[in-house]
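Contents: one structure, followed by commentary.
The values are calculated or read from the model by the stated rules, or taken from the named source; none is laboratory data. Quick caveat, the model's predicted, so the values are computed rather than measured. Here Cβ is always computed from backbone atoms with ideal geometry, including for glycine, and neighbour counts include all displayed protein chains.
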Amino acid sequence: MGRCQNYLYKDWDPNEEPPMYDSAKVKHTFIEPEKVSKLPEPEDGEVIYLAKGEFLGKGTHGIIERVSPKTVVKTPLPNPYNPSEEVDIRLYVALEADIYKMIGPHPRVPRVYGYDPETYCLTLEYLPNGDLETYIRRHGDSISSRRRYRWIRQAAEAVRLLHALGIIHSDIHPRNFLLDAHLNLKIADFAGAMLVSDYGDPPSGYPSGYFRHPEHEEYPDFVNDVFGLGSLIYFIETGRYPFEDEAVDSSEAQNRFREDNFPDTSGLVCGDIIEECWVWTTQSDLEPTDMTAICNLVDDTLLFRI
Ligand SMILES: Nc1ncnc2c1ncn2[C@@H]1O[C@H](COP(=O)(O)OP(=O)(O)OP(=O)(O)O)[C@@H](O)[C@H]1O
Ligand SMILES: [Mg+2]
């Protein structure tokens, strides 16, 4: 059995190469060490993760745990079975820490309380109302229109903030927006993002088909974020992903977008804004400053409704 600072794994023959399982195939088991009398033996392809706090979420880049009443820690997703992927994921969380530093304290992003370059762990403000997707699906119709319009304005403001700093988020999705105690919206999860000043690697984030620009699939860019914002606004106003009512999956949604087939938004208050994000982005190459035009449209549309 192999052991790392905060996880156990099934060792392989030292004369052999690592098995190279990618993290999507690795089983991560979360164990609270103080609650078990004996640590279990990991199976092949299993990582036994030793908890630092209360488990809040796991994504492609990290494990999020609440470690104190006001803080969470994002730990890069461990994968000792594929050392190069494990290094990459750590570097993505390091990039996320850099991006938070670049943005600085701002009402549209979670506060950062620390980053440890040795463990690559990022300590952030705990946002007690969790992510926007879970919140909207859980509270459904009880959410007022006014609250939804406020989120739409805050989401547009958040994307404009990133673009103005040359940051492409690359995974605009309601699970990557978080809600504070007063239900104000913050954009989070920059592990898949890209700085335009870094001419090197493309972003590691990749939006789901419901949020992805049909012609910018290979290399996410500003346009892709704006397209995703259109789908996000659609989700906030209707409580559904585009085409979700027709039980269309993410790849079928992508096919429909490719054929210029978009859900009808004519009955929606934010229909024009959504159209602008979807249709305009498929017709022009946006510059970062174009988010200002979207934000102006949002303000004009929602001025007397918030
Ligand atoms: N500061 C926070 N407060 C409360 N919950 C949080 C916080 N940060 C993250 N979460 C929860 O953990 C989930 C995963 O976080 P995050 O998106 O940062 O991880 P990730 O591995 O980078 O995700 P992805 O798979 O999208 O790349 C979020 O969707 C949210 O539910
Ligand atoms: Mg995420």
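Given the criteria within 18 Å of the chain's Cα centre (by Cα), closer than 19 Å to residue 59 by Cβ and of a type in the set (A, V, I, L, M, F, W, C), does residue 152 qualify?
Spelling it out, it is not the case that residue 152 is within 18 Å of the chain's Cα centre (by Cα), closer than 19 Å to residue 59 by Cβ and of a type in the set (A, V, I, L, M, F, W, C).
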- Just checking, how many residues over the range 65-85 are more than 14 Å from ligand 1 (Cβ to nearest atom), of a type outside the set (S, T, N, Q) and surrounded by 14 or more Cβ atoms within 10 Å (Cβ to Cβ)? 2
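How many of the residues in the range 241-268 are buried (at least 17 other Cβ atoms within 10 Å of the Cβ) and of a type outside the set (S, T, N, Q)?
9
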- Task: Answer yes if at least one residue in the range 31-53 is within 16 Å of ligand 2 (Cβ to nearest atom) and of a type in the set (Phe, Trp, Tyr), and no otherwise.
- Result: no
- Message: Checking the condition more than 14 Å from ligand 1 (Cβ to nearest atom), more than 25 Å from residue 6 (Cα to Cα) and without any contact (Cβ under 8 Å) to a residue 24 or more places away in the chain, which residue from 166, 140, 104 passes?
- Response: 104
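So that you can scan it fast, the table gives a plain yes or no per residue for (1) within 12 Å of ligand 1 (Cβ to nearest atom); (2) surrounded by 20 or more Cβ atoms within 10 Å (Cβ to Cβ); (3) not in a helix (DSSP H, G or I); (4) not assigned by TED's automatic domain parsing to the domain that holds residue 251:
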position	(1), (2), (3), (4)
158	no, yes, no, no
192	yes, yes, yes, no
197	no, no, yes, no
203	yes, yes, yes, no
226	no, yes, no, no
230	no, yes, no, no
236	no, yes, no, no
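Taking the options 111, 146, 150, 138, name whichever one is surrounded by fewer than 20 Cβ atoms within 10 Å (Cβ to Cβ), among the basic types (Lys, Arg) and more than 19 Å from residue 176 (Cβ to Cβ).
One residue alone meets the criteria, 146.
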